[in-house]
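Novice: Following this message is one structure expressed as structure tokens.
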Amino acid sequence: MINSFYSFVTPVKNQENEIYDNIFKLIKKIRKNRSIKNWEIVIIDDGSSDKTFKKLIYLKKKEKRIKIFKNFKNKGKGYSIKRGIKNINVKSNRVVLIDSDIPYYNELSFFLKKLQNNDLVIINRRDKRSKFIIKNNNIYSYLRFFIGNSMNLLFRFLNLTDQKDTQAGLKGFNAKYKKLFKKVKTNGFLFDLEILILFANKGLKPISIPSKYSVSQNSSIKIKFVTFYKIFSDLVTIYINDCKKKYN
């Protein structure tokens, strides 16, 4: 699909030091893609307590194709993405969900190329060709890797998905499926799992792209009890809804 309108939806929280450079990295990559003539970046500040929103206002002055929204309280990644999708351009026919640290940057060009002619494209960090890069032997990186793998095993044990990676922060889909997001019941990190269940029930099998990846030290995901509680609560909600066929 040549000359598509691409909408990039990015939730952000407390990244005053990185957000300016990260967004312009994304813009640079978009401009290099000749098939993308029309585009926008929809950024949702999810209750930042620093100067992130001020930086976003400055960004918008520099690039008119940026839209910014603010949640005055922290509502969660899922809530922010749903809000962003509600506000994409009506002409959009491809939507890219990308984390604010612009992960998988080296794979992004290939990712966008695949999205031109496919309805659903995701990064698959569990692909045999993917490579996990540990920086400075950081314990946080090892913990995130272990927790991520364990969670996915649980998702598949509960028969919620057959995908070995649901949580990677780069996904793209045909905008005609944006109405599916109205059926998403969770607002947190398991939003990704829930939307992939909805896509699967539409008969959409994702195109998976391998990647080299690491865990960002600026990640907004903190390993705390309250984080695990929210994830477990969302998982129970998703499991009950799936058993009741609410995603069909």
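The values are calculated or read from the model by the stated rules, or taken from the named source; none is laboratory data. Keep in mind that this is a model prediction, so the values were computed, not measured. Note that each Cβ is placed from the backbone with ideal geometry, even for glycine, and that neighbours are counted across all protein chains shown. Note: accessible area is taken over every heavy atom of the protein model, side chains too, but ligands, DNA and RNA are not part of it. Shrake-Rupley method; radii C 1.70, N 1.55, O 1.52, S 1.80 Å.
Novice: Averaging sequence separations of C-alpha pairs under 8 Å and six or more residues apart, then dividing by the length of segment 37-119, give the relative contact order as a whole percent.
Specialist: 30
Novice: Can you work out the FRET efficiency for the pair Phe228 and Lys178, with r the C-beta to C-beta distance and R0 = 25 Å, to the nearest 0.05? It would help to have the intermediate numbers written out before the result.
Specialist: On the way: r = 31 Å, r/R0 = 1.22.
FRET efficiency, Phe228 to Lys178: 0.25.
Novice: Mind grabbing the accessible area of Tyr239 for me, 1.4 Å probe, Å², rounded to tens?
Specialist: Spelled out: Tyr239, probe radius 1.4 Å, area about 90 Å².
Novice: For segment 50-198, with all protein chains present and a 1.4 Å probe, just round the carbon and sulfur fraction of the accessible area to a whole percent.
Specialist: About 53 percent, which is the carbon plus sulfur part of the accessible surface.
Novice: Okay, moving on. Whenever you get a sec, line up Phe155, Phe189, Phe110, Phe146 from highest to lowest accessible area (probe 1.4 Å, protein heavy atoms).
Specialist: Result of the area sort, largest leading: Phe146, Phe110, Phe189, Phe155.
Novice: Same structure, new question: Please identify, among Ile123, Ile231, Ile43, the residue showing maximal mean-square fluctuation in a Gaussian network model of the chain using a 10 angstrom Cα cutoff.
Specialist: Ile231
Novice: Find the accessible area per residue for segment 102-248; the probe is 1.4 Å, ligands and nucleic acids are left out, and the unit is Å².
Specialist: Per-residue accessible area for segment 102-248 comes out at 56 Å².
Novice: Give me the percent of Cα-Cα pairs in segment 1-73 that sit more than 15 Å apart, rounded to a whole number.
Specialist: Beyond 15 Å sits 52 percent of the P(r) for segment 1-73.
Novice: Using +1 at the Cβ of each Lys and Arg and -1 at the Cβ of each Asp and Glu in the chain, identify which of Gln167, Leu153, Val184 lies farthest towards the dipole's positive end.
Specialist: Value computed over the given set: Val184.
Novice: Follow-up. May I ask you to derive the relative contact order of the chain, considering only C-alpha pairs under 8 Å and at least 6 residues apart, and to give it as an integer percent?
Specialist: 23
Novice: Separate question: Return the percentage of antiparallel bridges among DSSP beta bridges fully within the chain, rounded to the nearest 5 %.
Specialist: Roughly 25 percent of the beta bridges in the chain run antiparallel, per DSSP.
Novice: Another question about this same structure. Starting from the 7 Å offset along Cα-to-Cβ, what nm value, one decimal, do you get for the label separation of Lys62 and Asn38?
Specialist: So the label points at Lys62 and Asn38 sit 2.6 nm apart.
Novice: Can I ask one more? On the full set of protein chains, 1.4 Å probe, figure out the accessible area of Ser208 and give it in Å² to the nearest 10.
Specialist: 40
Novice: How high is the FRET efficiency from Ile134 to Phe157, r the C-beta distance, R0 30 Å, rounded to 0.05?
Specialist: Once the sixth-power term is evaluated, E becomes 0.65.
Novice: Give the lysines reachable from Lys70 as a straight Cα distance under 18 Å; neighbours fewer than 8 places away on the same chain don't count.
Specialist: Reachable lysines: Lys13, Lys51, Lys54, Lys55, Lys60, Lys61, Lys82, Lys86.
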